[in-house]
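Asker: Pasting a structure below so you can have a look.
Read-outs throughout are calculated quantities, based only on the coordinates presented, and are distinct from any laboratory measurement. Computed from a predicted model, the values in this text were never measured in an experiment. All Cβ positions, glycine included, derive from the backbone under ideal geometry; neighbour counts span all protein chains shown.
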Amino acid sequence: MGEIVASATPMLLQTLLGSCVAACLRDPAAGVGGMNHILLPGSCTGEARPSRCGVHAMELLINAIVNAGGDRRRLVAKVFGGGNVVSSLQSPTIGELNASFIRSFLATEKIPLVAQRLGGKQAVQVNFRTDTGKATVHTVDGSRLLSILSAEDDYRCSFAQADTGGDITLF
């Protein structure tokens, strides 16, 4: 969670998603692509690893692609995840909020969404080729689901308990 990778060299990127979302962005003309793994939607203040939060993760990914030779104006997106893998959660779930965030962000930034698999009730593994833009998605069997849920839950708990206080001086 919170990882961001972009490359002009062909790479196969992989991630596992429960309620998290991954955005796969690519500049087809330059052959530069990348992926992030977003845990929480929007912007997170006081976060030790802001790359786990939507706005920061997207901006970091876009900047990494541009730094690798891509052009922001040519980016296209494929997005995955945002599942409701714990059926007892009430709506809106983190997965629903993540899915809503990523669609809204891409629309606001005018990045075409060319493929998506958001929602559902199962965790997924995403494979993305940075050079071709090919993405494959596989549902994950139940044996890996507990570790995904545990990692997401541990992080949410630590985030909720984090001390974001401190002295502020306004001028």
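Asker: Test of understanding: ordering 11, 35, 1, 58 by Cβ neighbours within 10 Å, fewest first, what list do you get?
Answerer: Going from least to most buried by this count: 11, 1, 58, 35.
Asker: Would you list 71, 131 from fewest to most Cβ contacts within 10 Å?
Answerer: 71, 131
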